[in-house]
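Structure first, commentary second.
The values are calculated or read from the model by the stated rules, or taken from the named source; none is laboratory data. This one's a predicted model, so the numbers in the text were calculated from it and none came from an experiment. Neighbour counts run over all protein chains shown; Cβ positions are idealised from the backbone, glycine included. The accessibility values were calculated without ligands, DNA or RNA, using every heavy atom of the protein model including side chains. Shrake-Rupley method; radii C 1.70, N 1.55, O 1.52, S 1.80 Å.
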Amino acid sequence: MLEIEIDGKTLQVADGSTIIEAAHQLGTYIPHFCYHKKLSIAANCRMCLVQVEKAPKPMPACATPVTNGMKVFTHSELAVKAQKGVMEFLLINHPLDCPICDQGGECQLQDLAVGYGESASQYQEEKRVVPDKDLGPLVSTDMTRCINCTRCIRFTAEIAGFMELGQSFRGERAEVMPFIGKTVDTELSGNIIDLCPVGALTSKPFRFSARTWELSRRKSVSPHDGLGSNLIVQTKHDRVMRVLPLENEDINECWLTDKERFSYQGLSSAERLTKPMVKQGGEWKEVDWSVALDYASHALRDVAKTHGGAAIGGLLSPHATLEEMYLAQKLLRGLDSENIDFRLRQSDFSADGKRKGTPWLGMKIADIGRLDRVLVVGSFLRKDHPLVAQRLRQSAKRGAQISILHSADDDLLIKLAARAIAAPSQLPAVLAEVVKAVAELKGVAADPALAKVGAGLVDVNAAKKIAASLVSGSDGGKCAGILLGNFAQQHPQAATLSALAQQLAGLLGGSFGFLGEAANSVGGYAAKAIPTAGGLNAAAMLKDPRHAYVVVGAEPELDCADGAQALASLTKAAAVVVLSPFKSQAMLDYAAVLLPVSPFSETSGTFVNTEGRVQSFYAAAKPLGEARPAWKVLRVLGNLLDLNGFAFNSSEEVRAEALDGQPEFVSGLDNGIDGATLNLTASPNGLERVADVPIHFSDPLVRRAPALQQAADSAAPTARMNAATLAKCGLASGDKVKVGAGGTAAVTLPAQFDAGLPDGVVRIAAAHADTVALGAMSSVLSVEKA
Amino acid sequence: MALIDTINPLLTTGWSKGDAGWSLKDYEARGGYVQLKRILASKMTQDDLIAEVKKSVLRGRGGAGFPTGLKWSFMPKAAPEKYVVCNTDEGEPGTFKDRDLMRFDPHSVIEGMIIAAYAVGAKLGYNYIHGEIFDMYQRFEEALDQARAAGYLGNNILGSDFSFDLFAHHGWGAYICGEETGLLESIEGKKGQPRYKPPFPANFGLYGKPTTINNTETFAAIPFILGMGGEAYLNLGKPNNGGTKLFSVSGHVNRPGNYEVPMGTPFAKLLEMAGGMRGGRKLKAVIPGGSSAPVLPADIMMECTMDYDSIAKAGSMLGSGAVIVMDETVCMVKALERLSYFYFEESCGQCTPCREGSGWLYRVVHRIEHGEGRPEDLDLLNRVTDNMMGKTICALADAAAFPVRSFIKHFKSEFEYHIENKKCLVDPEVQRAGSGFFKAGAA
Ligand SMILES: Cc1cc2nc3c(=O)[nH]c(=O)nc-3n(C[C@H](O)[C@H](O)[C@H](O)COP(=O)(O)O)c2cc1C
Ligand code: SF4
Ligand code: SF4
Ligand code: FES
């Protein structure tokens, strides 16, 4: 610790602190632009100049390390003169077009100019004009306002992992720009809008639509991936105008993914369902709530009466709130149905009944950064969990070794220690090899069940390299973490992968866990939205069609492991009751009644994130049209069906019952599986499908966000193959190919070369209208030139 | 160019044969690489070597005049990877000495760098050569080939256990790449922008490794220092200002060129060596150390001796040793306009005061020169320079400010005249005559 004095106040600070950090500790504000606590120090804006005793010149507080006994003056004549001088320079070429600038009212330059600027400038020369740049559909530019602080540049290089912006030219002509003909395309690009201290980078979708002081703001929680990023939702006249990050160091830090930031546009989609609708004689009619609820309750009661409760299936979106899931399962169980599930993209349910508890991350999100060895298994990490990827990117820079075992070698923009890329059917065997290699390195016996995994069958060397990296960590791997991604959880041998990860973590003395796919991947378990003995899981209730379905918040044709099958079963069903914020043509085809419910922004509710943290939020806006919070709709349905235990007056009461109080973290988190049978062999006969869920197609809300749909990440699906596979099929990149999956249906897609795929696989995105007909995400495909 | 009047020629001993005397055999014939051989054969310790350089009081010839031996001693001993870098980015207006060193005696630079590498324990070196002297870059590559073929570079140099290799790297002409950390960034393939210091290159240099970076002339002096001994070298000059120095004399003299003189030589002597004032005209002002150094009026300059301390006492800097001589036909406003344009053009643009201030300065001086000056402009210029100096990452902002302040300080009446009368104090006809490029009355 060092003792220093700032403006006469003494304090102790950690060695290596800078003056600005020390001042922050004291609550003393030092004006700054280029400094940002998450970025490297550039020391270029010079706004933070302060006086340091014995130093002849003013020193930049952001870059000057504290020394013992240092005396700092942040408001002395010398300091203030320097700060005012810099402010004057910043303003001479600034357009001062605040009245037409989107940043007005939340601009650091504007704010500081009030404190440090003069009322008139002595600069009477011509001002600089800088041409604007096209950064893509999300970020809009007014580069004349740029103060060249390089925060945006450092963000792309250091946090997003790829330097998409740079400063060209020099001196007064310096310009921040992307590479020629390129835009800013990472999944984190919107953060540069927040980082830009002036109005040079603003939100394209939000631009010119409201002034910051006109907006009401509410805290909320992201409804997308399992992280549960904290949000500030800003509304004007009950319309969500903008979403910003709410800083939470334990979860999203100060970042948001573009999906989280811009998906709000989907809330105002033309496909919003704003009136209850029922289908009568094949015709859709808008009706009153009472009519619709009556219709829905009768339909369900009739099916239960004639065919028994088991004839009803409940498909709940993993993005639904805890309260919605809890009431939905209660309703279904009230009707004597055990067919309830929210794990819509899962295909292997063999661990059900053997789990010791709720599968979760296995650690705190913040602890990911403390792992010194990490193995990511089955994950399109950068797109599925961008902020986890970001944490690992920083870890890798600090010296942590990150490895991946997956079926696609997408560039994670993380320095990897080892990688094994294998066809989906081989992932369990490769992971088994890693387990065996670790056991060998540790000098302990491996599970005999793994003995028969064939060497030669899999890339043993890659597995050994991963094992060596894991074991080389501190205390032989005690700080190692095995993270199973969405692909591993959706894998047809998911239980085996999970059991192997458990063995691996056990051998290392480290931890393992699941990267939650959706906002309530843990919450669904806490809400009991899974079948117990005798019930059918999501896959089974679609494979074995029910007479009736209750669908909450999902579009099963896009959100289930086998969209084609989901569509077929729903179409066949006598009654499908859909609670959804949106309508779609598919829904109009298969549903009997459509109940308009609130998206996350218009209801109170709770998401339990992947680390088990209970995060509740309130509505940020009134429901659109006649939409109503789904928990209220389910409560009324329960009442209409004369079910017990539906006398809730608030979503808080629902939560209290579901969670048995108001815990900070849900109880019963445990990744252990008792007596899992390892299923290590799979020999698919043909080309294996690798299905990713593209980042902007993962749920109904983001699929309807127009700006995101124009982003580079939203490109139409292709059939991706490596060179060998293309050659074997007699194809060239760009050829139109007919892809079939055994059945009669086939889709035509362009073939695309992808060097990062293993032999014998075809990568085709799921969750997309163009590929629904292909059926299961995991399947064997035939490919021929169209 | 080759015939140069020198006192005690040292660095320029090899220049007399012009372009015919640069190659390895010529350098060896005049005693080249002897010092390297001696050091390797005697297994001289690094400490002894650095002590010898310290004794010479050789001060960096790149502009800042930092003692070279001291700089070398900052290099961490234990670090496994270290670099030696030579700064041949010579871009300071008025300076052209490194170019001639590279042209006439590249092996002295190579030998100096090898010895420096030995002293600091570096295995790899780079010479960063200004992009606008591409011929010198090509010559240096040739010289490197010769040295490598002769076993002076590479693994186990001359059978010793010392290994070192050296590579040439050319820039593209940006002045800021001469600033040592901007230069390192440029070698790394990044935009040439100075880094915030500390950390200094001795701790965090090229690719983040400890690095010694010196000017071309600094390295070239090393073999000579070791040849005659540090003490003898120091005694060539004056205390605290050891040895000889190259001065690039330009402007209104009869024989512009590079002159090597001992530190402490009177300016009057240097002027005389350069053939005196052109056309016998009167000396008006001198910029004694490259465009970044404050200008000094004739009377002050004529009292100075050419060494760091004397010039500093007079209120300027010896800098890189570029002596820009101006006679009475010069309009000081126009001269400053030209200098200010240079800094406006060459600022890298990262620091607010430099990026914005250098343009502001240029525009105001430009206005004054073009008859649009305002009475408050001189105070404004002083205020702007005040807000730039000492407030930026590198010294370029100071370099932009110094000329403005010194021109106004010493030639204020000329600026005032310009503002008031909207024209030059020195008649344009006279200026044209003095420039030597135009006949009076023409243009
Ligand atoms: C704007 C600027 C430009 C510079 N250009 C050069 C140059 O062209 N050559 C040079 O040797 N030093 C130049 N320097 C000085 C270097 O930063 C550094 O001090 C020098 O290379 C150190 O070598 P020395 O100790 O041998 O002088 C420049 C400095 C600044 C601030
Ligand atoms: S665009 Fe904004 S963030 Fe980027 S350098 Fe300019 S002012 Fe800074
Ligand atoms: S002072 Fe000027 S040249 Fe030097 S780093 Fe700053 S902006 Fe660049
Ligand atoms: S905040 Fe310190 S220089 Fe910009």
For segment A:469-524, the count of residues that are in a helix (DSSP H, G or I), open to solvent by less than 10 Å² (accessible area, probe 1.4 Å) and under 17 Å from A:Val444 (Cα atoms) equals 6
Of the residues in segment A:23-54 that are more than 33 Å from the chain's Cα centre (by Cα), away from every other protein chain (no Cβ under 14 Å) and farther than 30 Å from A:Ala200 by Cβ, the one that is farthest from ligand 3 (Cβ to nearest atom) is A:Leu26
### Query
Is it the case that some residue within segment B:386-403 is more than 14 Å from ligand 3 (Cβ to nearest atom) and touching a helix residue (DSSP H, G or I) at 6+ places or on another chain (Cβ under 6 Å)?
yes
For helices (runs of 4 or more DSSP H) lying entirely in segment A:345-413, having 2 or more residues that are open to solvent by 20 Å² or more (accessible area, probe 1.4 Å) and within 18 Å of A:Ile695 (Cα to Cα) picks out A:381-384
The helices (runs of 4 or more DSSP H) lying wholly within segment B:77-171 that contain at least 1 residues that are farther than 23 Å from B:Asp26 by Cβ and open to solvent by 20 Å² or more (accessible area, probe 1.4 Å) are B:106-120
A:Gly534: passes all of (1) open to solvent by less than 20 Å² (accessible area, probe 1.4 Å); (2) modelled with pLDDT under 95 but (1)
Checked segment B:396-405 for anything within 29 Å of B:Lys423 (Cβ to Cβ) and either surrounded by fewer than 22 Cβ atoms within 10 Å (Cβ to Cβ) or within 11 Å of chain A (Cβ to nearest Cβ) (or both); matches are B:Ala400, B:Arg405
The condition of being within 16 Å of ligand 2 (Cβ to nearest atom), out of contact with any Pro (no Cβ under 8 Å at 6 or more places or on another chain) and under 20 Å from A:Ile147 (Cβ atoms) holds, among A:Leu109, A:Leu39, only for A:Leu39
Within segment A:164-183, of all residues that are assigned to a loop (DSSP other than H, G, I, E, B) and more than 8 Å from every other protein chain (Cβ to nearest Cβ), the one most open to solvent (accessible area, probe 1.4 Å) is A:Ile180
Quiz item: Within segment A:677-696, is there a residue that is farther than 30 Å from A:Thr496 by Cβ and open to solvent by less than 40 Å² (accessible area, probe 1.4 Å)?
Solution: yes
When A:Gln83 is run through (1) touching a residue at least 24 places away in the same chain (Cβ under 8 Å); (2) touching a helix residue (DSSP H, G or I) at 6+ places or on another chain (Cβ under 6 Å); (3) within 16 Å of ligand 3 (Cβ to nearest atom), the failure sits at (3)
Given (1) more than 16 Å from ligand 3 (Cβ to nearest atom); (2) within 13 Å of another protein chain (Cβ to nearest Cβ), A:Pro60 misses just (1)
Going through segment A:127-163 in order, the residues found to be in a loop (DSSP other than H, G, I, E, B), surrounded by 18 or more Cβ atoms within 10 Å (Cβ to Cβ) and either away from every other protein chain (no Cβ under 13 Å) or without any contact (Cβ under 8 Å) to a residue 40 or more places away in the chain (or both) are A:Lys133, A:Leu135, A:Gly136, A:Pro137, A:Leu138, A:Asp142, A:Ala160, A:Gly161
Only unsatisfied item for A:Ser203, checking (1) more than 16 Å from ligand 4 (Cβ to nearest atom); (2) within 27 Å of A:Ser395 (Cα to Cα), is (2)
For helices (runs of 4 or more DSSP H) lying entirely in segment B:329-395, having 3 or more residues that are within 11 Å of chain A (Cβ to nearest Cβ) and small (Gly, Ala, Ser) picks out B:352-369
The condition from (1) more than 30 Å from B:Val286 (Cβ to Cβ); (2) open to solvent by 20 Å² or more (accessible area, probe 1.4 Å); (3) in a helix (DSSP H, G or I) that B:Lys71 misses is numbered (1)
Return yes or no: is A:Thr18 hydroxyl-bearing (Ser, Thr, Tyr), away from ligand 3 (no atom under 16 Å from the Cβ) and within 12 Å of another protein chain (Cβ to nearest Cβ)? yes
Here the residues within segment B:172-214 that are acidic (Asp, Glu), surrounded by fewer than 24 Cβ atoms within 10 Å (Cβ to Cβ) and either closer than 26 Å to A:Leu49 by Cβ or within 16 Å of ligand 2 (Cβ to nearest atom) (or both) are B:Glu185
Is one or more of the residues making up segment A:99-110 within 14 Å of chain B (Cβ to nearest Cβ) and modelled with pLDDT under 95? yes
The number of residues in segment A:55-69 that are outside any loop (DSSP other than H, G, I, E, B) and either open to solvent by 60 Å² or more (accessible area, probe 1.4 Å) or at positive phi (or both) is 1
Going through segment B:306-316 in order, the residues found to be in contact (Cβ under 8 Å) with a residue 60 or more places away in the chain and either open to solvent by 30 Å² or more (accessible area, probe 1.4 Å) or of a type in the set (D, E, K, R) (or both) are B:Asp307, B:Asp309, B:Gly315
Inside segment B:213-262, the number of residues satisfying the requirement of being closer than 14 Å to B:Gln35 by Cβ and in a loop (DSSP other than H, G, I, E, B) is 1
In the set B:Phe164, B:Phe204, B:Phe219, the lone residue that is closer than 21 Å to B:Arg59 by Cβ and among the aromatic types (Phe, Trp, Tyr) is B:Phe219
How many residues of segment A:111-126 are in contact (Cβ under 8 Å) with a residue 24 or more places away in the chain and more than 14 Å from chain B (Cβ to nearest Cβ)? The answer is 1
Exactly one of A:Val576, A:Val551 is among the β-branched types (Val, Ile, Thr), in contact (Cβ under 8 Å) with a residue 24 or more places away in the chain and touching a Phe, Trp or Tyr at 6+ places or on another chain (Cβ under 6 Å), and that residue is A:Val576
Per the filter on segment A:93-109, residues buried (at least 19 other Cβ atoms within 10 Å of the Cβ) and not charged (D, E, K, R) are A:Asn93, A:His94, A:Cys101, A:Gln103, A:Cys107, A:Leu109
- request: Assess whether B:Val323 counts as being assigned to a strand (DSSP E or B), buried (at least 21 other Cβ atoms within 10 Å of the Cβ) and touching a residue at least 40 places away in the same chain (Cβ under 8 Å).
  value: yes
By residue number, the members of segment B:45-75 that are charged (D, E, K, R) and over 18 Å from B:Gly205 (Cβ atoms) are B:Asp47, B:Asp48, B:Glu52, B:Lys54, B:Lys55, B:Arg59, B:Arg61
